[in-house]
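Remarks on the structure that follows.
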Amino acid sequence: TTEQGASTQAAVSTTVSQNTDERFVFQPKVCNVFMEEVFGETMCETWYNLVDAVMAGEDTFACPDQYTYDWVMGQFPKYCFPMLDEVIEYSYEPVTNGTAHLTYLVSREETAARIAEFGELVEGILNETLEKDYSDFEKAIALYNYFWMTYEYDYEKYEKQYETVVDTSTAECLRTRIGICSEIAPAYSYLLMQAGVEATNVTGTAHEWSYVRINGCNYHIDPTYVLENAGSLFYFMMTDEQRD
């Protein structure tokens with residue numbers, strides 16, 4: 001397992017380091033100030049431990065207790081590293097002595113390959129859409145425009161969700177550029193996080209949208225509604241009152 005983990009880490013590290021000349025380089029470990037404010041420093045640090053373990057192909061990671069593990073596994077992957085849902089799942093082995101376990105859905109080699117592919121996808125989007133010297137505002141509006149120009153709403157999935165449970169995937173949404181609000185908003189927020197902008201998601205009234213902090217102020221951004229309103233800024237950087 002140690003040798004396998006080392007080869008996995010080498011494969012991922014090599015792929016990431018090949019792109020050092022790019023304006024933006026994929027960052028496996030991202031979080032946001034909102035997660036820190038809600039969940040606290042311990043859970044965020046545990047999240048980073050989990051990511052480090054996956055990147056190294058390891059089977060365990062440091063975690064203080066079962067409560068922390070449950071919240072980290074339940075809340076962080078979708079928003080902070082969406083493709084991890086495709087390679088790991090909740091482990092029913094109990095957290096003991098400050099150690100939690102990882103359950104892999106695919107081999108370590110396949111995990112490394114998928115992470116590398118996902119990293120290249122993220123880097124490609126950011127480097128085609130943003131300039132390195134963009135302000136947070138400019139990054140937010142550039143990606144907002146990117147979404148309304150290139151993404152489509154998945155009406156078939158929208159209708160199907162009222163008949164049965166449907167699988168949603170932020171990572172797949174990034175690949176195919178089609179999805180529903182619970183995929184589109186996390187995809188937009190994740191790209192902002194990769195670009196260094198504080199971003200998360202808000203849910204309510206059967207809808208999900210993005211929430212950002214720019215220049216010390218919080219705003220709502222809806223990258224889903226704009227798909228039907230070609231380029232309208234009505235849904236960009238709304239205040240709480242405007243969102244209401």
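Checking the condition within 14 Å of the chain's Cα centre (by Cα) and either aromatic (Phe, Trp, Tyr) or surrounded by fewer than 18 Cβ atoms within 10 Å (Cβ to Cβ) (or both), which residue from 119, 124, 98, 74 passes?
Only one candidate qualifies: 74.
Mind listing whichever residues of region 162-194 are without any contact (Cβ under 8 Å) to a residue 12 or more places away in the chain and either outside any helix (DSSP H, G or I) or surrounded by fewer than 16 Cβ atoms within 10 Å (Cβ to Cβ) (or both)?
162, 163, 164, 165, 166, 167, 176
Kindly indicate whether residue 223 is touching a residue at least 40 places away in the same chain (Cβ under 8 Å) and more than 22 Å from residue 115 (Cα to Cα).
So residue 223 passes the test.
Do we find that residue 152 is under 24 Å from residue 211 (Cβ atoms) and either open to solvent by 80 Å² or more (accessible area, probe 1.4 Å) or of a type in the set (S, T, N, Q) (or both) in this structure?
For residue 152, the condition - under 24 Å from residue 211 (Cβ atoms) and either open to solvent by 80 Å² or more (accessible area, probe 1.4 Å) or of a type in the set (S, T, N, Q) (or both) - is met.
Might you let me know whether region 53-70 holds any residue that is buried (at least 18 other Cβ atoms within 10 Å of the Cβ) and either without any contact (Cβ under 8 Å) to a residue 12 or more places away in the chain or within 20 Å of residue 201 (Cβ to Cβ) (or both)?
No, because not a single residue in region 53-70 is buried (at least 18 other Cβ atoms within 10 Å of the Cβ) and either without any contact (Cβ under 8 Å) to a residue 12 or more places away in the chain or within 20 Å of residue 201 (Cβ to Cβ) (or both).
So which residues in region 210-235 are touching a His at 6+ places or on another chain (Cβ under 9 Å) and either open to solvent by 20 Å² or more (accessible area, probe 1.4 Å) or in a loop (DSSP other than H, G, I, E, B) (or both), if there are any at all?
Listed by number, the residues that qualify are 211, 222, 224, 225, 235.
Any residue in region 89-110 that's in a loop (DSSP other than H, G, I, E, B): show its pairings with residues that are modelled with pLDDT of 95 or more and of a type in the set (Ser, Thr, Tyr) at Cβ separation under 6 Å, as long as the two are six or more apart or on different chains.
These pairs meet every condition: 91/103; 95/69.
The values are calculated or read from the model by the stated rules, or taken from the named source; none is laboratory data. Note that the coordinates shown come from a computational prediction; the quantities given were computed from them, not determined experimentally. Because the Cβ atoms are built from the backbone with ideal geometry, glycine has one as well, and the counts that use them run over all protein chains shown. Just the protein is used for accessible areas: all its heavy atoms, side chains included, with ligands, DNA and RNA removed. Shrake-Rupley method; radii C 1.70, N 1.55, O 1.52, S 1.80 Å.
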